[in-house]
Amino acid sequence: MKPTIKIFFFVFSTIIFFSCKTKNKPARADAGTERKWWKEATVYQIYPRSFQDSDGDGVGDLKGIISRLDYIKSLGIDAVWLNPVYESPNKDNGYDISDYQNIMKQFGNMDDFDKLLKGFHDRGIKVMMDMVLNHCSDQHKWFQEAKKSRNSEYYNYFHWWPAEKGEPPYRWSIFDEKAYGWEFNKATNSYYLHYFADFQPDLNWENPQLRQDIYKMMRYWCDKGVDGFRMDALAFISKDTTWPPLPKEYNGNWGLYYASGPYLHDYIQEMNREVLSKYNLATVAEAMGDIPRVKMFVDEDRKELNMAYNFEAIDFGYLPGEYKMPDPNGYDFVKWKSIYAKWDSAFVEKGWGTMYLANHDQPRMLTRWGNDTPEFRDYSSKLLTTFILSMRATPFYYFGDEIGMNNIKFEKVEQYNDVELLTNYEQVKAKGGDLKRFLEGMKISSRDNGRTPMQWDTTTNAGFGNGKSWLPVNGNYKTINVAAQEKDENSCLNYFRKMIRLRKDNDVLVYGKYTLLDKTNPDVFAYTRELNGKKLLVLLNFRGKITSVNTGIDVGNGEILINNYSTPSAGGTLKPYEAIIYQL
Ligand code: TEU
């Protein structure tokens, strides 16, 4: 090429480059963060085991999801997060992976996965995979080899404590009957570490070879065309291998301690260089801790991840020192509101958050944060939907919540499937605790409540599948189901669609500045969202009674954009579980 032509091309491409940049300039009123598809997206979480069973074995599968693609599209969501679909013995429902590059047999095969991915992409829906990187299954080839001998090439893929050094320093385990994080292995005369169940050995990220294998595996999925990752327990991957005793100040706060490994962010940055930066991905990490710690995962300058999935608000209202035991006196609503305001302010300048009220580790949002009595189920379900979709953070919406599914509330321990509940039950029992009280509490907070099969229609098993489902279908499926709600324009389902459209049509709901109002109101969550001169007011009455609200804003000339009653309240009061968004 002649030098003059080269110069011409250089000048021309520079102009194009900068004009594209200006077009994508942020429209946010108060921050420097850029517009991104994953900030504007609503993510719908699918727990494949419970969504749709296509072959009658009682377990949901990929073909089942394929048969529901048009339904998922009809919701208006932009992306899905699929809980783990990899090969697994399923002792923790896929969070114990035995082969990261194969599909769990119960769910189908790789051909089904490719069809599913294409089916989503054809409909303009992105797919986020669940990546479990802190641990794998004890059935994984790496562990099967490692446990044979200290000389195995995979021995250092895990953390071991040689028995000749005596008992290992205490580590707590979340899913262990003895709450003990080390398990003895005879063949190697050593203990392996497991922060979760003993069938979930922790991977040794301190070993560069393991990290390279993980990155290679992640690139395999990226090359297939997946659009992002939800990274399970990522904050726990780095360990201090001098194994100091657990510091006293972390007593009871194991999550924080486990999330403070010395090389955590070096590893995430390395993963970013080796994998994430090479693709256009949405990444979200389960990130424990206070604001400065969580910001480290998502501050753009640090080149780690996109979104933080924090636990402070969702874990609120449990009795201190008792695992997931709801306080019978309820929770401090004013404090809860302030937690949301605090986390909003965390990401004004840098990073980005997520908004959710439920997922597969939580009970149904309607039971926990709303009101599942017949009188208020409909109103409170719509209220929670309004809340999730009007905050400044990417909404992660859990399947089934769009029709207002609620907790199944098992009576007996035998009815449960979840390893978390079963091991915690044993822990309470070992301590001589009150098991009846424990089971009462679990009716509100246990994970199986959120895992019962999707309620599609009034046919056998709610249309989930022909076989006996792995968890029973909630007995209310004859009234609470998709088919019935499709026909009712005022259903929770259609309200969810409407609210999604509202968020799509109003940038202000995505990027607009957030201001909490009437902060000390013990019943109402009230806030404004503002962007480029547009201002919305969100009013949410979280109580089953008429309440007053005092935001100091005159809504007289405001236009109501959405409301969950046929005739909205006017002035300073709100009806039970009323939700209104005004454009001021
Ligand atoms: O959960 C990670 C996690 O930190 C758990 O403590 C979670 O908060 C707990 O399950 C809440 O009840 C992930 C997955 O989401 C969960 O389903 C798995 O069981 C867990 O990892 C182990 O892989």
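Comparison of SER173, SER190, SER152 shows that the only residue that is modelled with pLDDT under 95 and small (Gly, Ala, Ser) is SER173. Just name the residue that is surrounded by the fewest Cβ atoms within 10 Å (Cβ to Cβ) out of those in segment 249-265 that are more than 16 Å from the ligand (Cβ to nearest atom) and more than 23 Å from GLU349 (Cα to Cα). Among those that are more than 16 Å from the ligand (Cβ to nearest atom) and more than 23 Å from GLU349 (Cα to Cα), it is GLU249.
Working only within segment 487-523, note down all residues that are among the hydroxyl-bearing types (Ser, Thr, Tyr) and free of Cβ contacts under 8 Å to residues at least 24 places away in the same chain. Correct list: THR515 only.
Of the strands (runs of 3 or more DSSP E) lying entirely inside segment 84-180, the ones with 1 or more residues being open to solvent by 10 Å² or more (accessible area, probe 1.4 Å) and within 30 Å of PRO247 (Cβ to Cβ) are found at 160-162.
Going by the conditions given, is ALA179 within 16 Å of the ligand (Cβ to nearest atom) and more than 30 Å from LYS63 (Cβ to Cβ)? Yes, satisfied. The set of residues in segment 520-563 that are among the polar types (S, T, N, Q) and open to solvent by less than 10 Å² (accessible area, probe 1.4 Å) comprises THR528, ASN541, THR547. Scoring ASN541 on the criteria (1) in contact with a Pro (Cβ under 9 Å, 6 or more places away or on another chain); (2) over 16 Å from THR573 (Cβ atoms); (3) of a type outside the set (Lys, Arg) leaves a single failure, condition (2). The set of residues in segment 438-460 being touching a residue at least 60 places away in the same chain (Cβ under 8 Å) and open to solvent by 30 Å² or more (accessible area, probe 1.4 Å) consists of ILE444 alone. Scan segment 441-492 for residues that are over 25 Å from the mean Cα position of the chain (by Cα), of a type in the set (Val, Ile, Thr) and assigned to a helix (DSSP H, G or I) and the total you get is 1.
Counting only helices (runs of 4 or more DSSP H) that fall entirely inside segment 269-375 and contain at least 1 residues that are aromatic (Phe, Trp, Tyr), surrounded by fewer than 21 Cβ atoms within 10 Å (Cβ to Cβ) and away from the ligand (no atom under 16 Å from the Cβ), the qualifying elements are 333-346.
The values are calculated or read from the model by the stated rules, or taken from the named source; none is laboratory data. Keep in mind it's a predicted model, so treat the numbers as computed, not measured. Neighbour counts run over all protein chains shown; Cβ positions are idealised from the backbone, glycine included. To get the accessible areas, we keep the full protein, side chains included, count just its heavy atoms, and leave off ligands, DNA and RNA. Shrake-Rupley method; radii C 1.70, N 1.55, O 1.52, S 1.80 Å.
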